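The values are calculated or read from the model by the stated rules, or taken from the named source; none is laboratory data. Computed from a predicted model, the values in this text were never measured in an experiment. As a convention, Cβ positions derive from the backbone with ideal geometry for all residues, glycine included, and neighbour counts pool all protein chains shown.
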Amino acid sequence: MIEAPPINYIPIFLFILASIVFGVGTLVISYFVQPRVYNKEKLTTYECGSEPISDARMPFPVRYYIIAMLFVIFDIEIAFLYPWAVAFNKLGLFGLIEMVIFIALFLIGYIYAWRKGGLEWD
């Protein structure tokens, strides 16, 4: 005999069903309403703002990737401020001193990247 699922799992099944319907529905709708106008420019290869017009073995500038990595690193460091802000009253003076040290190290890293030219796009 097959037992019926507990009543507590019905919202989970409904959420999974709604997720599947939403995902498949948006794909089907976008297939029917998308523009189907193709031209030469739309079908060309595009990489990091420069058109590939030379040999494939040419040196590729890595400036874009350096800036992206710096953004991710600084963004992750700033994300540590949110838990600290939430628990600020519980941490007291010790937490404040630790965050001042953290922000000082963050600023030293930022100034270092700035002086080395890591934040310049040219």
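Assorted remarks:
Quick grid of which residues meet (1) modelled with pLDDT under 80; (2) outside any helix (DSSP H, G or I); (3) closer than 30 Å to Met99 by Cα:
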residue: Ala56; (1), (2), (3): yes, yes, no
residue: Tyr64; (1), (2), (3): yes, no, no
residue: Leu70; (1), (2), (3): no, no, yes
residue: Asp75; (1), (2), (3): no, no, yes
residue: Ala85; (1), (2), (3): no, no, yes
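- The set of residues from the stretch 1-52 being at pLDDT 90 or above and among the β-branched types (Val, Ile, Thr) comprises Ile12, Ile16, Ile20, Val21, Val24, Thr26, Val28, Ile29, Val33.
- Cβ pairs under 6 Å, 6+ apart, first in the stretch 60-74 and of a type outside the set (Ser, Thr, Tyr), second in a helix (DSSP H, G or I) and at pLDDT 75 or above: Leu70/Ala113
- Residue within the stretch 96-106 that is surrounded by 14 or more Cβ atoms within 10 Å (Cβ to Cβ) and over 26 Å from Ile67 (Cα atoms) present: no
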